[in-house]
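Structure first, commentary second.
The values are calculated or read from the model by the stated rules, or taken from the named source; none is laboratory data. Keep in mind that this is a model prediction, so the values were computed, not measured. No Cβ is skipped: glycine too gets one built from the backbone with ideal geometry, and neighbour counts run over all protein chains shown.
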Amino acid sequence: MSWLITGGAGFIGSHVVKAMTDAGERVVVLDDLSTGRPERLPDGVVLEVGTVLDGVVVERVLREHGVTGIVHIAGKKQVGESVDRPLYYYRENVEGMRVLLDAAVAAGVGRFLFSSSAAVYGMPDVDLVTEKTPCVPINPYGETKLAGEWLVGAVGARHGMATASLRYFNVAGAATPELGDDGVYNLVPMVFERLEAGEAPRIFGDDYPTPDGTCVRDYIHVEDIAAAHVAAARRLAADPEARLVLNIGRGEGVSVAEMIDVIQEVTGRAEIAPDVSGRRAGDPARVVASADLIHQELGWTARRGVREMVESAWAGWRLRHP
Ligand SMILES: NC(=O)c1ccc[n+]([C@@H]2O[C@H](COP(=O)([O-])OP(=O)(O)OC[C@H]3O[C@@H](n4cnc5c(N)ncnc54)[C@H](O)[C@@H]3O)[C@@H](O)[C@H]2O)c1
């Protein structure tokens, strides 16, 4: 098999590229470098600079590199920005998907793996979110991810493509400091930024119906996410009929207050007490994956814990903010 990885120069994409090449898979990357960095790619991996919105470029890359499977990770991922710029998000995430699938069908690509998100579930009112929990996204970002899944499913069924949509929960950590997340959109880097500035980490709401009153999430190490992609890619290669929709989480809830405690311990900045303010609109109390189906289907289980996520993310943060 020869895999095209879109968004391979990004945070998650570069971990998937590393895991797939380490596992002996042939890989080529298509990335427009809007948020990605070419230095993230290992030596020997070809980078084609271009957007998934350009069907001519995509089809050329697929044919030139004899691509037989696609891992589609490229996309825009900021919830707030998606509310401000819905047309941009629908173009990048949904139109980008349509163009990519169109080229994939034209070039006879038989395998397709898609980076989806727990954002498709919206505000699930359940203890553990299974793949059967209704998808009711509450922002344009989540809508575009769900529409992407629908496109993948419909095209896979009609054109005999093996498909998998992987719904990532809260991604953190890094395999090496160089591959760390550049953005400050998730809890871990947001707390690093506040602590480094000598400011109190912020907690939005401590009156949720959770054990300590703060929101509970399922944090997953990006290397575990990458390992799940290798397992899914192998499954698609072996099973042309595969039509998978799977959560990638640890199945374990960690509260915002607990996470901040670990971050303060790891960074050695425990003296600054968190600042508690009111709830933010659109924050569900608890979103924790059931990770049973992915274990059943792929034999995959997360191996890394919260401390490892925070320590590796902190090493990356220190590298970028010396
Ligand atoms: N980071 C998370 O917590 C998280 C959680 C759930 C799902 N996801 C999904 O995972 C994917 C990757 O997220 P990330 O955190 O690595 O983000 P990222 O911004 O680091 O990576 C995205 C990559 O895609 C590239 N890209 C963007 N638009 C492109 C286009 N039109 N054509 C080609 N390349 C393009 C960027 O340059 C970048 O390299 C996204 O699709 C996101 O929705 C991320």
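Would you check which residues across the stretch 4-48 are farther than 20 Å from Lys77 by Cβ and among the β-branched types (Val, Ile, Thr) and list them?
Thr21, Val27, Val28, Val45, Val46 - these are the residues of the stretch 4-48 that are farther than 20 Å from Lys77 by Cβ and among the β-branched types (Val, Ile, Thr).
Could you tell me which residue of the stretch 139-168 is surrounded by the most Cβ atoms within 10 Å (Cβ to Cβ), considering only residues that are part of a loop (DSSP other than H, G, I, E, B) and of a type outside the set (S, T, N, Q)? Before you say what the answer is, go through the steps one by one.
First, the residues of the stretch 139-168 that are part of a loop (DSSP other than H, G, I, E, B): 139, 160-161.
Those left that are additionally of a type outside the set (S, T, N, Q): 160-161.
On the way: Gly160: 12, Met161: 24.
Of everything passing the filter in the stretch 139-168, Met161 is surrounded by the most Cβ atoms within 10 Å (Cβ to Cβ).
Consider Met259 against the criteria (1) within 16 Å of the ligand (Cβ to nearest atom); (2) not in a helix (DSSP H, G or I): it satisfies all of them except one. Which criterion is unmet?
(2)
Do we find a residue being modelled with pLDDT under 95, closer than 15 Å to Gly10 by Cα and among the β-branched types (Val, Ile, Thr) anywhere in the stretch 180-190?
Taking every residue of the stretch 180-190 in turn, at least one turns out to be modelled with pLDDT under 95, closer than 15 Å to Gly10 by Cα and among the β-branched types (Val, Ile, Thr).
Looking only at residues that are more than 20 Å from the chain's Cα centre (by Cα) and either assigned to a loop (DSSP other than H, G, I, E, B) or acidic (Asp, Glu) (or both) in the stretch 43-52, which one is surrounded by the most Cβ atoms within 10 Å (Cβ to Cβ)? Show your work before the answer.
Keep residues of the stretch 43-52 that are more than 20 Å from the chain's Cα centre (by Cα), which gives 43-50.
Within this subset, residues satisfying the condition of being either assigned to a loop (DSSP other than H, G, I, E, B) or acidic (Asp, Glu) (or both) are 43-45, 48, 50.
Details: Asp43: 5, Gly44: 7, Val45: 20, Glu48: 18, Gly50: 17.
Across the stretch 43-52, the extreme among qualifying residues is Val45.
Which residue out of Asp181, Asp218, Asp206 is in contact (Cβ under 8 Å) with a residue 40 or more places away in the chain, away from the ligand (no atom under 16 Å from the Cβ) and among the charged types (D, E, K, R)? Explain how you work it out, then say what you get.
Values: Asp181 fails: away from the ligand (no atom under 16 Å from the Cβ); Asp218 fails: away from the ligand (no atom under 16 Å from the Cβ).
Criteria check complete, one pass: Asp206.
Would you please list the contacts, defined by Cβ atoms under 6 Å and residues six or more apart or on different chains, that run from a residue in the stretch 109-120 that is more than 13 Å from Leu151 (Cβ to Cβ) and away from the ligand (no atom under 12 Å from the Cβ) to a residue that is assigned to a strand (DSSP E or B) and not aliphatic (A, V, I, L, M)?
Arg111/Gly69
Just checking, which of Gly80, Gly24, Gly8, Gly36 is outside any strand (DSSP E or B), assigned by TED's automatic domain parsing to the domain that holds Asp239 and farther than 29 Å from Gly142 by Cβ? Quick ask: steps written out before the conclusion?
Details: Gly80 fails: farther than 29 Å from Gly142 by Cβ; Gly8 fails: farther than 29 Å from Gly142 by Cβ; Gly36 fails: farther than 29 Å from Gly142 by Cβ.
Exactly one residue qualifies, and that residue is Gly24.
Can you name the number of the only condition in (1) at pLDDT 95 or above; (2) over 15 Å from Leu151 (Cβ atoms); (3) surrounded by fewer than 20 Cβ atoms within 10 Å (Cβ to Cβ) that Val17 fails?
In the conditions (1) at pLDDT 95 or above; (2) over 15 Å from Leu151 (Cβ atoms); (3) surrounded by fewer than 20 Cβ atoms within 10 Å (Cβ to Cβ), Val17 misses (3) alone.
Would you mind stating whether Val29 is within 10 Å of the ligand (Cβ to nearest atom), surrounded by fewer than 18 Cβ atoms within 10 Å (Cβ to Cβ) and of a type outside the set (S, T, N, Q)? Don't jump to the end; show me each part of the working.
Working: within 10 Å of the ligand (Cβ to nearest atom): yes; surrounded by fewer than 18 Cβ atoms within 10 Å (Cβ to Cβ): no; of a type outside the set (S, T, N, Q): yes.
Here the answer is no, as Val29 does not meet what is asked.
Part of a loop (DSSP other than H, G, I, E, B), assigned by TED's automatic domain parsing to the domain that holds Ala242 and touching a Leu at 6+ places or on another chain (Cβ under 8 Å): which single residue out of Val136, Val109 fits that description?
On the way: Val136 fails: touching a Leu at 6+ places or on another chain (Cβ under 8 Å).
Only one candidate passes the filter, namely Val109.
Going by what's in this entry, would Arg37 be described as closer than 17 Å to Arg234 by Cα, of a type in the set (D, E, K, R) and either more than 9 Å from the ligand (Cβ to nearest atom) or modelled with pLDDT of 95 or more (or both)?
Working: closer than 17 Å to Arg234 by Cα: no; of a type in the set (D, E, K, R): yes; either more than 9 Å from the ligand (Cβ to nearest atom) or modelled with pLDDT of 95 or more (or both): yes.
Judged against the criteria, Arg37 is not a match.
Residue check: is Val99 within 13 Å of the ligand (Cβ to nearest atom), aliphatic (A, V, I, L, M) and in a loop (DSSP other than H, G, I, E, B)?
Considered against the rule, which asks whether it is within 13 Å of the ligand (Cβ to nearest atom), aliphatic (A, V, I, L, M) and in a loop (DSSP other than H, G, I, E, B), Val99 comes out as no.
Within the stretch 62-78, track down each residue that is over 10 Å from Ala103 (Cα atoms) and buried (at least 17 other Cβ atoms within 10 Å of the Cβ).
Within the stretch 62-78, His65, Val67, Thr68, Gly69, Ile70, Val71, His72, Ile73, Ala74, Gly75, Lys76, Lys77 qualify.
If I go through the stretch 59-73 residue by residue, how many of them are within 13 Å of the ligand (Cβ to nearest atom) and within 25 Å of Tyr168 (Cα to Cα)?
So the first thing to find is which residues in the stretch 59-73 are within 13 Å of the ligand (Cβ to nearest atom), and the list is 61, 70-73.
Next cut, within 25 Å of Tyr168 (Cα to Cα) only: 70-73.
Within the stretch 59-73, residues that are within 13 Å of the ligand (Cβ to nearest atom) and within 25 Å of Tyr168 (Cα to Cα) number 4.
Scan Val266, Val310 and give me the residue that is touching an Asp or Glu at 6+ places or on another chain (Cβ under 7 Å), closer than 22 Å to Gly180 by Cα and not in a loop (DSSP other than H, G, I, E, B). Please lay out each step first, then the result.
Numbers: Val310 fails: touching an Asp or Glu at 6+ places or on another chain (Cβ under 7 Å).
It is Val266.
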